[in-house]
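A short write-up of the structure that comes next.
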Amino acid sequence: MRRALLSKTKAMSCLLPNQSSLIFKPAIFPSHHFLLKPPFFSLFTCLSTPSHHLGLRSYSSRNWGSRTQFRCLSMSTSKEMESISYLSQQEAAGIDEDLMGPLGFSVDQLMELAGLSVACAIAEVFKASEYNRVLAICGPGNNGGDGLVAARHLYHFGYKPVICYPKRTPKPLYSGLVTQLESLSVPFLSAEDLPLDLSDNFDIIIDAMFGFSFHGTPRPPFDALIQRLVSCQNRHHTGLKSTVIVSVDIPSGWHVEEGDVTGEGIKPDLLVSLTAPKLCAKKFGGPHHFVGGRFVPPAILEKYKLHLPPYPGTSMCVRIGKPLQVDISSLRENYISPALLEEEVEADPFDQFSKWFNDAIAAGLKEPNAMALSTAAKDGKPSSRMVLLKGVDKNGFLWFTNYESRKARELSENPHAALLFYWDGLNRTVRVEGPVEKVSDAESEQYFHSRPRGSQIGAIVSKQSSIVPGRQYLQENYNELEAIYSDGKLIPKPKYWGGYRLKPEVFEFWQGQTSRLHDRLLYSPVEVDGKRGWKIDRLAP
């Protein structure tokens, strides 16, 4: 098999998700109803059986949060770093041969996954709101194909890619990638037509010129393009704005095993290693290093004794290398949201809250009913914690807890509280303030028995906010109660557990906007013709 084809299947490192936690929707017969016959009966039996019952090796992906689909895990300890596999050129080529040989992968499959991984890594580090203009410089081989695919995905992620593809490959696979980009009206520029100062015209440059199978010295026009990238980085040292450089698998011009031999090559800001890092990646000193893809089958892991990091959630990339050093003072988000205008909001804040809460549910945000509850004891010292909203109507906001907890003690001394809802994906918060009272025992009883039995037992076991000897103590108490109520009989609600209701006196709706000119609308009660109403005022951000 030609080495030129091999650089593609470097594409994907995959730790298979834990199959026992997946629900499969078979796509064999999408809309037909009939009795299954062999071999499809066996197939459906297989799909309904947990992987550990089938004797398959399962790889568990950690779920590390859901702000975006591409949130990446950081491997920060030296022990973890030392255990990651680095591939020689021969090993990388061998993995490609196995993937595209007995394991049945095609070049275009792996190229698609590789390019998606690169796009995901870029989107993780460099947000489209700040790094919008992207130049992808693509070589004639599979590494260049990765760049073309990455550019297409970045377009759909909200970036504005431009392609420089000087030596086009006439094969149908590559022609198709070009056609796909052209159908999106993505511009193509020749090397001669590139602007003189790349840093003034692009925020990100993707170096997809040469992969690990490249030998020798880069020839025109790529030698000059590499030097232009080096010049972009030299400008950074003068204190002027410089463009970010992202290298796909191997920084172009580097030796696959020895790295930047001359010391005068590209020093990318972000390196996306595909399948596993190559040996030269040990010489990479940039701030961002990711392993891309997640498509290495168990047979490859075992044959080459690969140790790869676990991928978070459904991400196609995972951060490795040194922990990212972050200047906390520089962390900021420039929110882009519809305006929140007085004439467009609901007159009643309960209706406006219901509208926003439904938006949060429709957006698929995690736990949209999570709220920060702030209380203060009689000495005025405040405390906050997260609780879950369990009901809201014109009477107020409802939650349940232990009446012997710290928040309960503070509410007994000072029966006023503040709630804060934060809906990150919508750039919204809601603040609610007012007096708090306990709900009736009957209402607490009804909700208690609507909870899962495990949660009911947990409420009895936990003397919330008290000091316990250790987790084992809690687990043993839980196990004892679980055994007592194993026959399914009613679990009694403890007297020290029940609900609270906050009756709002003030609402504030906050919508993030650009340049910190956020929208803040304050609802406060007024009496109009003997009836209670609400006045709406705009607060300075």
Task: Distance between modelled label sites at residue 379 and residue 180, nm, 7 Å Cα→Cβ extension - done: 6.3
Open item on the list: Going by Cα centres, the stretch 476-541 and the stretch 444-472 are how many Å apart?
Closed with: 21
Task: Surface per residue (accessible, 1.4 Å probe) for the stretch 349-538, Å² - done: 54
Open item on the list: I need the GluC sites (Glu not before Pro) found in the stretch 207-308, filtered to DSSP loop residues with at most 14 other beta carbons within 10 Å of theirs.
Closed with: 258, 264
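Full-extension gain between residue 282 and residue 515, please, as 0.36 nm times their residue separation minus the C-alpha to C-alpha distance.
Details: separation 233, 0.36 × 233 = 83.88 nm, distance 4.03 nm.
Additional length available on full extension: 79.9 nm.
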- [ ] Report residue 401's accessible area, 1.4 Å probe, all protein chains in place, as a number in Å² to the nearest 10.
- [x] 10
Task: Inter-centroid distance (Cα atoms) of the stretch 104-126 relative to the stretch 250-318, Å - done: 13
Task: Cα-centre dipole for the stretch 349-538 with unit charges at Cβ (Lys and Arg positive, Asp and Glu negative), debye to 20 - done: 220
Task: Residues with amide H under 5 Å from that of residue 288, placed H, sequence gap 5 or more - done: 271
Task: Candidate residues 354, 247: accessible-area rank, largest first, probe 1.4 Å - done: 354, 247
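Holding the Cα-Cα limit at 31 Å, pick out from 355/438; 278/366; 366/438; 493/535; 381/463; 378/531 the pairs that are longer than that. All intermediate terms of the calculation are to be shown ahead of the outcome.
Details: 355/438 27 Å; 278/366 37 Å; 366/438 28 Å; 493/535 41 Å; 381/463 23 Å; 378/531 33 Å.
Result: 278/366; 493/535; 378/531 exceed 31 Å.
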Task: Inter-label distance, nm, simple model (7 Å from Cα along the C-beta direction), residue 332/residue 464 - done: 3.9
Open item on the list: Report the gain in length on full extension from residue 191 to residue 395: 0.36 nm times residue separation, minus Cα-Cα distance, nm rounded to one decimal.
Closed with: 66.7 nm
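Calculate what fraction, in whole %, of the accessible area of the stretch 89-322 sits on carbon and sulfur atoms when a 1.4 Å probe is rolled over the protein chains.
54
Taking the Cα centre as origin and putting +1 on Lys and Arg beta-carbons and -1 on Asp and Glu beta-carbons, what dipole magnitude results for the stretch 89-322, to the nearest 20 debye?
On the way: 20 positive and 24 negative charges, 69 e Å.
That gives the stretch 89-322 a dipole magnitude of about 340 debye.
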Open item on the list: Just to verify a number: FRET efficiency for residue 476 and residue 406, C-beta to C-beta distance, R0 = 25 Å, to 0.05?
Closed with: 0.55
Open item on the list: Under the 0.36 nm per residue contour assumption, what length would be gained going from the current alpha-carbon distance of residue 86 and residue 227 to full extension?
Closed with: 48.0 nm
TODO: Order 471, 538, most accessible first, counting only protein heavy atoms with a 1.4 angstrom probe.
DONE: 471, 538
- [ ] Collect residues whose amide H, placed 1.01 Å from N in the peptide plane, falls under 5 Å from the amide H of residue 164; neighbours closer than 5 in sequence don't count.
- [x] 136, 137, 138, 189
Task: Rounded to the nearest 10 Å², the accessible area of residue 282 at probe 1.4 Å - done: 130
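Could you grab the relative contact order for the stretch 89-322? Cα pairs under 8 Å, six or more apart, rounded to a whole percent. Numbers along the way, then the final one.
On the way: 417 pairs, mean separation 44.0, N = 234.
Computed over the stretch 89-322, the figure is 19 percent.
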Task: 3J(HN,Hα) from dihedral phi, the stretch 141-157, Karplus parametrisation 6.51/-1.76/1.60, rounded to Hz, x for glycine, proline - done: x, 5, 4, x, x, 4, x, 5, 5, 4, 4, 5, 5, 4, 4, 6, 7
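The values are calculated or read from the model by the stated rules, or taken from the named source; none is laboratory data. These numbers were taken from a predicted model, which means no experiment stands behind them. In this analysis, Cβ positions are derived from the backbone assuming ideal geometry, glycine residues included, and neighbour counts consider all displayed protein chains. Please note that ligands, DNA and RNA were not included when accessible areas were found on the heavy atoms of the full protein model with its side chains. Shrake-Rupley method; radii C 1.70, N 1.55, O 1.52, S 1.80 Å.
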